[in-house]
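Take a look at the structure set out below.
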Number of protein chains: 4
Amino acid sequence: MCPKTKDQFEQIREESREKILNAALKLFGTKGYEHSTIADVMKLAGVSKGLLYHYFANKEDLVKQLVFDLINKTDALLFDHAIIDPNQLLKNIFTQFFQELRNNFEQWTLLANLGMQLGKFDWIRQLANDQMQQALAYIEEILIKIDWPDPCAEAKILVALFDGISFQYLWFKKDYHLDELENILINKYCKQ
Amino acid sequence: MCPKTKDQFEQIREESREKILNAALKLFGTKGYEHSTIADVMKLAGVSKGLLYHYFANKEDLVKQLVFDLINKTDALLFDHAIIDPNQLLKNIFTQFFQELRNNFEQWTLLANLGMQLGKFDWIRQLANDQMQQALAYIEEILIKIDWPDPCAEAKILVALFDGISFQYLWFKKDYHLDELENILINKYCKQ
Amino acid sequence: MCPKTKDQFEQIREESREKILNAALKLFGTKGYEHSTIADVMKLAGVSKGLLYHYFANKEDLVKQLVFDLINKTDALLFDHAIIDPNQLLKNIFTQFFQELRNNFEQWTLLANLGMQLGKFDWIRQLANDQMQQALAYIEEILIKIDWPDPCAEAKILVALFDGISFQYLWFKKDYHLDELENILINKYCKQ
Amino acid sequence: MCPKTKDQFEQIREESREKILNAALKLFGTKGYEHSTIADVMKLAGVSKGLLYHYFANKEDLVKQLVFDLINKTDALLFDHAIIDPNQLLKNIFTQFFQELRNNFEQWTLLANLGMQLGKFDWIRQLANDQMQQALAYIEEILIKIDWPDPCAEAKILVALFDGISFQYLWFKKDYHLDELENILINKYCKQ
DNA sequence: CATGAATGAGCTTTCATTCAT
DNA sequence: AATGAATGAAAGCTCATTCAT
């Protein structure tokens with residue numbers, strides 16, 4: 001009836017998709033995947049059930065797309081290749097890590113929540129494993145550069161530590177000494 | 001007057017209860033709480049639906065009793081008050097921790113699974129927090145005794161590290177370098 | 001082991017039966033038949049499930065025996081054949097009716113509750129019908145004796161009125177003008 | 001923009017809702033509320049379980065909406081404000097009452113059935129009480145106009161009588177002398 | 001692109017009843 | 001006479017998903 005250009009359609013598509021994904025993140029990251037219903041998402045997004053299923057094949061597809069979107073956004077973030085000084089780089093990693101945790105609480109909660117759904121979502125654990133391996137290699141490389149003793153072992157410790165802190169922060173949130181830990185780590189691992 | 005003595009009844013009760021709890025642990029710790037149905041539990045336990053509800057008010061009560069039983073069993077385990085030498089004590093903690101993780105994989109998976117069910121099971125996070133605080137104090141005390149530098153900070157790191165290792169082991173299991181980490185930690189923290 | 005006479009057994013039987021029936025009346029007459037469970041009855045009576053089923057074949061049999069016991073107790077009550085004066089007799093009927101309603105609230109509630117369970121308990125409506133026919137004949141007879149105009153019609157009205165008052169009292173209880181109605185009826189129908 | 005107009009949806013909604021409510025009335029008013037299952041209703045209505053719960057939050061909500069719909073329909077019916085002559089008005093009330101009872105047997109059975117479910121559905125007794133008070137005032141007013149002796153008392157009698165007749169008709173139905181009572185009442189209370 | 005009516009498999013839970021002792 | 005463990009059919013309800021328009 002009313003002619004619309006391809007771009008307009010594209011924009012509308014993207015807006016609706018965005019609305020749905022935002023709502024899904026909010027809900028899945030707050031109440032958890034299993035305790036959030038498609039009806040919840042659709043209501044919060046302000047779209048109809050039909051439209052939701054127009055964009056996403058099913059609930060699992062929705063969460064899959066959501067996770068991949070999130071990962072694409074934050075992937076490059078942790079490792080800033082512009083920095084050359086390894087000490088600076090390590091400090092940057094710590095800072096980025098803590099900031100990321102604070103800023104995107106819902107997102108990390110969601111990921112942990114999904115990964116802990118046993119049986120379902122094995123792909124998420126695979127993804128996490130890949131990322132861990134990357135981080136491991138990257139951090140070991142830095143530790144070598146700054147002559148840290150036993151860099152291979154220390155890298156393993158650090159990566160486990162990152163997950164431990166994330167996990168504890170997600171569980172205990174306000175009761176958790178996150179800021180303190182940030183200082184502790186920087187003091188311990190980064191020369192001033 | 002009574003054709004079955006109270007003791008007999010008590011024994012029967014305990015046996016049935018045990019069968020159900022074992023089945024529940026197996027399932028909840030493998031497929032997760034939400035993905036296991038009461039029908040699954042009852043079939044695996046080899047009892048009827050009615051009997052299950054005779055002993056447990058509902059699904060949540062079942063998991064609650066299960067968790068409390070588990071915690072009571074493993075509570076005293078981590079900290080052996082018989083050991084006096086702090087170095088020995090620390091080494092013992094590491095060894096116990098890794099052994100516990102390996103031996104009771106299902107149990108720890110269940111606890112992590114429950115704690116990650118947002119909204120529901122907040123009491124489990126509370127329980128975990130309490131245990132973390134205890135561990136924190138206990139480990140700091142040991143670190144002081146062995147003159148480890150900045151023991152307060154290091155205790156926080158260690159406790160987070162424990163959770164990180166648990167978490168990663170639960171997620172990556174066979175792909176995970178658990179044995180390696182055990183050696184690394186003992187080498188790093190315990191004088192021979 | 002300990003020899004008991006037949007009488008002793010009989011007494012024990014009767015006591016247990018009585019306990020159960022009392023509990024059943026209390027519950028069925030308060031929460032209704034469908035909303036009371038056998039477990040409720042057994043707990044309130046302080047006996048075991050097995051014993052209950054030893055005395056009563058099933059839930060419906062329990063309520064049947066209960067109702068027949070009640071009816072046997074109150075049947076002869078309404079019509080006092082000792083009184084000869086018809087005016088006195090009519091007054092007595094009114095008085096007895098209101099007193100009965102006040103004293104055995106639970107019992108009448110139970111009967112109304114059962115009769116209103118459609119499909120089930122048709123025998124109770126049959127019983128009620130028989131009683132109504134009896135009352136009709138009896139009251140018409142009295143009205144004839146006191147020369148009340150159109151006694152056949154008036155008897156029908158009175159019998160319906162009795163049920164109407166019972167019904168309204170059962171539903172509205174404390175809000176209901178029962179005492180007032182007693183006076184009204186006596187004033188209207190009985191010469192002083 | 002929208003392939004089905006709001007009116008179309010509204011019509012579909014209303015039709016389905018009506019189908020369900022009709023089925024519910026039929027069943028609840030025949031077998032009683034407790035003895036009718038949601039599956040029964042859904043089958044008789046020819047809709048799916050899901051749709052039923054799409055329109056009604058739960059079984060109690062279904063019966064609530066049903067009752068309120070019924071009451072809204074029949075509320076104004078009893079009292080015809082167009083009639084001025086009090087004798088005519090009284091006669092009209094009797095006629096309407098008996099007609100209503102005959103025509104909407106199921107509805108009145110349902111109301112009585114619900115009101116007799118002790119504990120649950122207290123709101124229905126409240127509703128009934130309100131209606132009784134209204135009827136009381138209205139009938140007294142008429143009795144005053146036609147100079148009936150002691151109109152206040154007689155109104156109370158009449159209102160109880162109405163309930164008594166309803167109740168007996170619901171219980172004894174075919175065995176009950178309903179037509180006879182209609183004539184009796186009109187003859188007794190209405191001047192020709 | 002967008003709507004919401006419609007479906008039904010599958011879940012938790014209840015409760016009358018049986019039975020070995 | 002008396003116990004309470006054990007059963008399972010059947011109930012109410014949820015929710016991902018489909019589909020006609």
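Read the figures in this text as sums done on the coordinates, not as results from a lab. Everything numeric in this text was worked out from a predicted model, so none of it was measured. Cβ atoms come from the backbone with ideal geometry, glycine included; neighbour counts cover every protein chain shown.
Here are the numbers for this structure:
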read-out	value
Number of the condition not met by A:Ala57 [criteria: (1) near DNA strand F (Cβ under 10 Å from one of its atoms); (2) over 18 Å from A:Trp123 (Cβ atoms)]	(2)
Per-region count, segment D:117-140, residues among the aliphatic types (A, V, I, L, M) and within 15 Å of the chain's Cα centre (by Cα)	5
Residue match in segment C:4-21 (condition: within 11 Å of DNA strand E (Cβ to nearest atom), within 14 Å of another protein chain (Cβ to nearest Cβ) and either touching a residue at least 40 places away in the same chain (Cβ under 8 Å) or not β-branched (Val, Ile, Thr) (or both))	no
Residue that is nearest to A:Tyr33 (Cα to Cα) [pool: residues in segment B:55-71 that are surrounded by 19 or more Cβ atoms within 10 Å (Cβ to Cβ) and within 13 Å of DNA strand E (Cβ to nearest atom)]	B:Val63
Subset of segment B:22-37 [within 8 Å of DNA strand E (Cβ to nearest atom) and in contact with a Phe, Trp or Tyr (Cβ under 8 Å, 6 or more places away or on another chain)]	B:Ser36
Failed condition for D:Pro86, given (1) under 30 Å from C:Asn187 (Cβ atoms); (2) more than 9 Å from chain C (Cβ to nearest Cβ); (3) without any contact (Cβ under 8 Å) to a residue 60 or more places away in the chain; (4) out of contact with any Leu (no Cβ under 7 Å at 6 or more places or on another chain)	(3)
Among (1) over 17 Å from the mean Cα position of the chain (by Cα); (2) free of Cβ contacts under 8 Å to residues at least 60 places away in the same chain; (3) surrounded by fewer than 19 Cβ atoms within 10 Å (Cβ to Cβ) - the single one D:Ile146 does not satisfy	(2)
Candidate set: segment B:1-54, residues that are of a type in the set (S, T, N, Q), surrounded by fewer than 19 Cβ atoms within 10 Å (Cβ to Cβ) and part of a loop (DSSP other than H, G, I, E, B); chosen: the one nearest to the chain's Cα centre (by Cα)	B:Thr37
Segment D:35-51 residues that are on the phi < 0 side of the Ramachandran plot, paired with ones that are within 8 Å of DNA strand F (Cβ to nearest atom) and aliphatic (A, V, I, L, M) (beta carbon under 7 Å, 6 or more apart)	D:Ile38/D:Leu52; D:Val41/D:Leu52; D:Met42/D:Leu52; D:Lys49/D:Ile38
Complete set of residues in segment D:25-50 that are within 14 Å of chain C (Cβ to nearest Cβ) and within 13 Å of DNA strand F (Cβ to nearest atom)	D:Leu27, D:Phe28, D:Lys31, D:Gly32, D:Tyr33, D:Glu34, D:His35, D:Ser36, D:Thr37, D:Asp40
Sole exception among (1) surrounded by 16 or more Cβ atoms within 10 Å (Cβ to Cβ); (2) facing chain A (nearest Cβ under 8 Å) for B:Gly119, by number	(1)
Meets criteria (surrounded by fewer than 12 Cβ atoms within 10 Å (Cβ to Cβ) and either of a type in the set (Lys, Arg) or farther than 15 Å from C:Arg17 by Cβ (or both)) for C:Asn92	no
B:Leu185 under 19 Å from the mean Cα position of the chain (by Cα), buried (at least 17 other Cβ atoms within 10 Å of the Cβ) and more than 7 Å from every other protein chain (Cβ to nearest Cβ)	no
Filter result for A:Leu66 (within 30 Å of A:His177 (Cβ to Cβ), outside any loop (DSSP other than H, G, I, E, B) and either more than 14 Å from every other protein chain (Cβ to nearest Cβ) or not hydroxyl-bearing (Ser, Thr, Tyr) (or both))	no
Sole exception among (1) outside any helix (DSSP H, G or I); (2) among the hydrophobic types (A, V, I, L, M, F, W, C); (3) closer than 19 Å to A:Phe172 by Cβ for B:Ala57, by number	(3)
Test for B:Ala153: is it facing chain A (nearest Cβ under 7 Å) and in contact with a Leu (Cβ under 7 Å, 6 or more places away or on another chain)	no
Selection count where residues are facing chain C (nearest Cβ under 8 Å) and either under 14 Å from D:Phe94 (Cβ atoms) or crowded, with 18+ Cβ neighbours inside 10 Å (or both), scope segment D:171-182	3
